[in-house]
Number of protein chains: 2
Amino acid sequence: MSEQQNTKSKMVGKQSLMFQNPPIILASASIAGKKESEGPLGTLFDEIEEDPLLGKKTWEEAESELMRKAALKVLEKAGLASRDIRYLIGGDLLGQLIATSFGIGELEIPLLGIYGACSTMGEAMTLGSILVEGGFADRILAITSSHFAGAEKQFRTPLDYGNQRPYSASWTVTGSGAVIIADSSFAPKGNEAQIIIKGVTIGKIVDYGLKDSMNMGAAMAPAAFETIKQNFEDFGVDPSYYDKIITGDLGYVGKQILIDLLKEKNFDISANHMDCGIEIFDQDNQDTHAGGSGCGCSAITFSSYILKQLREGTWKRVLFMPTGALLSQVSFNEGNSVPGIAHAVIVERR
Amino acid sequence: MSEQQNTKSKMVGKQSLMFQNPPIILASASIAGKKESEGPLGTLFDEIEEDPLLGKKTWEEAESELMRKAALKVLEKAGLASRDIRYLIGGDLLGQLIATSFGIGELEIPLLGIYGACSTMGEAMTLGSILVEGGFADRILAITSSHFAGAEKQFRTPLDYGNQRPYSASWTVTGSGAVIIADSSFAPKGNEAQIIIKGVTIGKIVDYGLKDSMNMGAAMAPAAFETIKQNFEDFGVDPSYYDKIITGDLGYVGKQILIDLLKEKNFDISANHMDCGIEIFDQDNQDTHAGGSGCGCSAITFSSYILKQLREGTWKRVLFMPTGALLSQVSFNEGNSVPGIAHAVIVERR
């Protein structure tokens, strides 16, 4: 590879990458909980788990099981065995990624564990695309999960305490979403539309000093703002370049902050912005307050609804940007802020 | 990039990668605690922190400060500013990577957060090399940290409890190590030897069912065994290919298990094996029992001692393999095992 290719072709602007040979999304799978199945996207998930414990003894084991099932499902849908996957890139919200470690161990796929809070699916798809496009892997499995009860226990208070939830609080999605990212040579032959990953914008940590663990939307919105703005600058585009600009889980509070922050920079995304946390639940009837959140929220929304819209041609190009609040019970209890991060992936129908 | 390159050249065997245009290690830095400075490698670290709190109020903030200092030091040694680094790849042992989030935020470098327990430096260098070699970045900063007091609080019991430590227990290193991985075109001109990253072997989760949080060496040894064996198979080499085979922090207990497991497969690494956890402390005089451990252990040993031996030509080629025990206080308290993982990096003097 020549020096020119190294320094000019793939790196775009300050934080973005444009792929020369864009990888494709070969298959996707989504496993969701009961509450998610009762929401607006309920009919689109591959499998619904009625039992929040999935037959296990702990919330953490239940989340591992969600991830295990999502990984097996996406392999099944792609007609592949685990040995056909070169590397698995995944993560979850729990300390030391225990949902992932215990969920995907039996697959025996070499693992790159990642953590970006609820932005993790964006990071997994980013790294997956990089590995495939650079010739480091033929097929990558990218996966994340979250579980409402496990997340409340980890980050706030166990459900048994009956803690009250303010309207700014989001509802962590119980679910796991997975995609297989592959070299374009693996595209099925025929006239079927291909879904490609065209480029990415890797986010920075952005910390406006917010300290409220019950308002993740406000903590993440500044990071979402910075990554979207950088995406526009790096690629020289404006909001109209995308049919949809899709954030992970800003919810109703964060969505408005994001739109306002971008308006100050003369970018108006109000017409084509969508948030997975808003789409996944029915705010009026599901008592989910600010909306859905968690690693699983954007992952199952992408694996079901968003990919469906792209496959059917309703949308041609979207900016998919899972958003993460780097919340930890330890730093929170020590009085620290909640920094945010967001990674954006350009997904296109071809 | 042709299809042939994509599928044949870089992917080697089942789990490994061989780089066509190997990236170089441009600079390294190590910040270590007082106890580490009193060990056999004490004179090699760039900076010593006498105060275990580094002037902060909590162990977690102290660890963030270690990481901040290591990042600034490696930039200073390379003569670079943070804007010269395309992406930062880093992680630590704490839940939700808070040492990293709060440590490197002010640098404003786009972040890919990773978690692989004490194997994290191997994962960071692996991904950093991939991004540079594939033309996705010109310069990457790879960094990890750990802190003895923070790790005891997170994983076992706070120091104030005066818990007794069995001889199989390791001592988490207080320190942060960082390297800058760059495209070979950035190599300083002249006769100086270059240190290159030639290839990697990405590890799987390996779980032999061990449940003792006071015996991390035994939990990690099977993962180390699997990755080394795979490295030999994928590259078609035997132990003599490397001047040193360097594990992260198996300690005295894990080292013997690893050597025994490999002997059963007819690989004898006893003559050229070295473990960072054994090198970093003086077992007889420092009361560190099985040896050093933690994300920082292999990172500061690599950034100081190992790179020095390569630069001076004492060694020409090493297999550097940080080893991780995927321990979490939650899964541990729920009675689960401690799975292991290990990622290997081939580092060569050229």
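The values are calculated or read from the model by the stated rules, or taken from the named source; none is laboratory data. Since the structure is predicted, the reported quantities are computational estimates derived from the model, not experimental observations. Using ideal geometry, Cβ is built from the backbone for each residue, glycine included, and neighbour counts are taken over all protein chains shown.
Of the residues that sit in the range B:290-324 and are surrounded by fewer than 20 Cβ atoms within 10 Å (Cβ to Cβ) and over 18 Å from the mean Cα position of the chain (by Cα), which one is farthest from residue B:43 (Cα to Cα)?
Result: B:316.
Regarding residue B:127, is this residue surrounded by 24 or more Cβ atoms within 10 Å (Cβ to Cβ), within 11 Å of chain A (Cβ to nearest Cβ) and at positive phi?
No; evaluated as a whole, the condition is false for this residue.
Of the residues B:78, B:70, which is more than 26 Å from residue A:118 (Cβ to Cβ), away from chain A (no Cβ under 11 Å) and within 15 Å of the chain's Cα centre (by Cα)?
It is B:70.
Which number in (1) within 22 Å of residue A:297 (Cβ to Cβ); (2) more than 14 Å from chain B (Cβ to nearest Cβ); (3) out of contact with any Pro (no Cβ under 6 Å at 6 or more places or on another chain) marks the one condition that residue A:238 misses?
(1)
Return only the number of the condition from (1) under 22 Å from residue B:199 (Cβ atoms); (2) touching a strand residue (DSSP E or B) at 6+ places or on another chain (Cβ under 6 Å) that residue B:239 does not satisfy.
(2)
Only one residue in A:119, A:145, A:101 is of a type outside the set (Asp, Glu) and away from chain B (no Cβ under 14 Å). Which one?
Exactly one of A:119, A:145, A:101 is of a type outside the set (Asp, Glu) and away from chain B (no Cβ under 14 Å), namely A:145.
Is it the case that residue B:209 is away from chain A (no Cβ under 14 Å), at positive phi and modelled with pLDDT under 95?
The answer is no for residue B:209.
In the range B:150-169, how many are within 13 Å of another protein chain (Cβ to nearest Cβ) and touching a residue at least 60 places away in the same chain (Cβ under 8 Å)?
5
Out of the residues in the range A:240-289 that are among the aromatic types (Phe, Trp, Tyr) and touching a residue at least 40 places away in the same chain (Cβ under 8 Å), state the one that is surrounded by the most Cβ atoms within 10 Å (Cβ to Cβ).
The qualifying residue surrounded by the most Cβ atoms within 10 Å (Cβ to Cβ) is A:281.
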